[in-house]
Amino acid sequence: MTGYAKWAPLVAFILLGSALTYGLAKPETTNIQSKMVGASVPSFTLPPATAGLPGLASSDLTTGQPHLLNIFASWCVPCAAEAPQLKAIADAGVPIVGIAIRDRPEALQRFLARNGNAFRAIGADDASQVQMALGSSGVPESFVIDGKGRILQQVIGPINSQDVAGLVAAVKAAR
Amino acid sequence: MRRLLLALALVAAPVLADSDLPPAPLADTQLPDPKQEARAQALMETIRCLVCQGQSIADSNAELAGDMRAMVRQRIAAGERPEAIRAWLIQRYGSWVTYDPPLDRVTWLLWAAPVMFLVVGLLVARSSFRRRRA
C-alpha cells in the first residue's frame, strides 16, 4: 500500500462513523404510517359505542359517498382538542363516522355532550381490533375514504384548524 | 405564589392517557395449550410495540400492546400460523413492526454488511502482512 491507498481504511472509517452519527442524531420519526392507504377498508362490523348513534360497519363506507373516518376515544385529551375542527368539517358537509377505542358508553356520552358531536355513527372497538386492521397505531387518527371504501389518506394526530380546509377538499374530491 | 403553585402541582390529577377498560381477555392470560402458547409467545417477542417503540409487545404494558397480544393468541388458538399473523401485521404497519425484518431492497445491507467488512479486513490484513515479509 503506497500513496493515497493507505488512507483508504481511515477514510472508510470516518465515512462509516459519520453515517452512524447522523443516524443517531437525526430525530427519529415516531409516526407509523399505515400501509393500508390505497387499499380498501378491511371488512368489519362494530356495535354502537353509545346510545343514540348507530354502530359502524365497513359496508357503511361503500355507499358511494366519501367519508372521514375518525379514530378517537373519550379518554384521549388531543381528541377533545380536535373536536371543534371535526365540527367545522361536518358543518362543511362532510359525513364523519367514528371508531371509539376502548371506550365506555357513559364516558363517550359525556365526551360528546362536552365537546360536541360531529359524528353520524360511532362503532365501539373495545379491543382495538379494527384499529389494527386499519394499520392505525394511536388516537386520534383520521382516514379519508372514497365512496367505494378505498383509503385515500391518513392523518396521524389531532386535526388542527389549518388542516380543516384541506381535509374538506380532500373528502369532497373523493367521490 | 411559589407555595401556591407547589400546592396546585401536588393536587393536580395526572393527565389520563389510558382508557379505564380492563385488558382484553387474552392479553395477559396464557392459552391452555402449552404448544400454542409457546408459538404465540415466540411471535409476540418479535413484534414491535407500536406505542412504546423499542419494546416487543410481549414486554410492553401499553394497552395497544395488550390488545395485540390478545389478537395474536386468538389467532394462534384458531389455528393460524405465526408467520401468517406476522405477514398480516407487516401488510398494515410495514416491516417496521417486526424485529425479524424480511430480506428486501431496503434491508439487504443489514445482512451483507458484516460479510463486506470481513472481506475488506482480510484484504487489508493480507496486504500489510505481505509488505512486512518483503
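Readers should treat all values here as calculations from the given coordinates under stated rules, not as data from a laboratory. Because the structure is a prediction, the values reported are computed rather than measured. When we count neighbours, we look across all protein chains shown, and the Cβ atoms used for this are built from the backbone with ideal geometry, even at glycine.
Quick notes on this structure:
- The angle separating the long axis of helix B:2-11 from the principal Cα axis of greatest extent in chain B is about 90 degrees.
- Across the range A:31-36, computed HN-Hα scalar couplings (Karplus, 6.51 cos²θ - 1.76 cosθ + 1.60, θ = phi - 60°) run 7, 9, 5, 6, 7, 7 Hz from first to last residue, x flagging Gly and Pro.
- In the protein assembly as shown, the calculated helix contribution to ellipticity at 222 nm averages -13500 deg cm²/dmol per residue, counting -39,500 (n - 2.57) for every DSSP H run with n ≥ 4.
- Those lysines that a straight Cα-Cα span of less than 19 Å connects to A:K35, excepting residues fewer than 8 apart in one chain: A:K148
- On Cα atoms only, tilt of B:34-44 relative to the major axis of chain B in degrees: 80
- Cross-link partners of A:K172 among aspartates and glutamates (Cα-Cα below 16 Å; sequence separation of 8 or more within a chain): A:D91, A:D146, A:D163
- Within 10 Å of each Cβ in A:122-130, the average number of Cβ atoms from other chains: 4
- Ordering of B:20-33, B:100-113 by packing [mean C-beta count within 10 Å, highest first]: B:20-33, B:100-113
- Entry note: the protein assembly as shown has Rg to Rh equal to 1.11, where both radii use alpha-carbon atoms and Rh is the Kirkwood radius.
- Given charges at Cβ of Lys, Arg, Asp, Glu: chain B dipole, positive-most of B:W108, B:G66, B:P34: B:W108
- Extent along principal axes [Cα atoms of chain B; Å; largest to smallest]: 80, 59, 27
- Using Cβ point charges alone (K and R +1, D and E -1), the dipole size of the range B:89-134 about the Cα centre works out to roughly 580 debye.
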